[in-house]
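Colleague: Structure in structure tokens, see below.
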Amino acid sequence: MWCSKLQTEVALSTTEAEYIALSQSMREVIPIIQLMDELKPLIDFYNPMPEICCKLFKDNRSCIIMAESARLTPRMKHIAIKCHHFRQFVQKGMVKIYPISTREQLVDIFSKPLNEGQFKYLRELFLGW
């Protein structure tokens, strides 16, 4: 899934902005995970039962650390509680967040201007020249 829209909250740092974006994306993913988890007993699977897991890729390591942390630090206490709803899914292992290089984050082409190197990479990737 991919979505581009303005955030409705003011973020004081890029880490906070990325964390809010992660929280918003998880609002779409968590109901799907829960639906699949509820359907497990109804569908005849071979043993063992499949584990429902979602992989997320984030290009901000501070955001990943904040999402995986078991407790709030003083620097993140000002972030609204509604943004922390997904952390239990990360701690249970139902959602796994992996770091990805900004250069490999192809979706950024829709929200950030391309530099010449990125433009050449995408041209070769999609057009082959």
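Any read-out appearing in this document is the output of simple, stated calculations on the displayed coordinates, not a laboratory observation. These numbers come from a predicted model, not from an experiment. All Cβ positions, glycine included, derive from the backbone under ideal geometry; neighbour counts span all protein chains shown.
Colleague: Rounded, prolate or oblate, given the Cα gyration tensor of the chain, with a/c below 1.5 counting as rounded? It would help to have the intermediate numbers written out before the result.
Modeller: Values: a/c = 2.25, a/b = 1.21, b/c = 1.86.
Oblate.
Colleague: Same structure again: Taking amide H atoms as placed 1.01 Å from N in the peptide plane, list the residues 5 or more away in sequence, or in a different chain, whose amide H sits under 5 Å from that of residue 95.
Modeller: Amide H neighbours of residue 95, under 5 Å, 5+ apart: 54, 90.
Colleague: Same structure, new question: Keeping to pairs on different chains or 8 or more places apart, tell me how many lysine pairs in the chain have Cα atoms under 24 Å apart.
Modeller: 23
Colleague: For residue 57, which sequence-distant residues (separation of 5 or more, or a different chain) have an amide H within less than 5 Å of its own amide H, given hydrogens modelled in the peptide plane?
Modeller: 98
Colleague: Scan the chain and note any complete DSSP helix (H) whose C-alpha atoms cover at least 24 Å along its axis and whose Kyte-Doolittle average is -1.0 or more.
Modeller: What comes out of the filter, once short or polar helices are dropped, is 14-39.
Colleague: Please give the charge dipole size of the chain, origin at the Cα centre, charges +1 on K and R Cβ atoms and -1 on D and E Cβ atoms. Round to the nearest 20 debye. List each step's numbers first, then the result.
Modeller: Values: 17 positive and 14 negative charges, 80 e Å.
Roughly 380 debye, rounded to the nearest 20.
Colleague: Determine, for each peptide in 9-22, 65-78, the mean count of other beta carbons within 10 angstrom over its residues, then list the peptides with the highest first.
Modeller: Output ranking for 9-22, 65-78: 9-22, 65-78.
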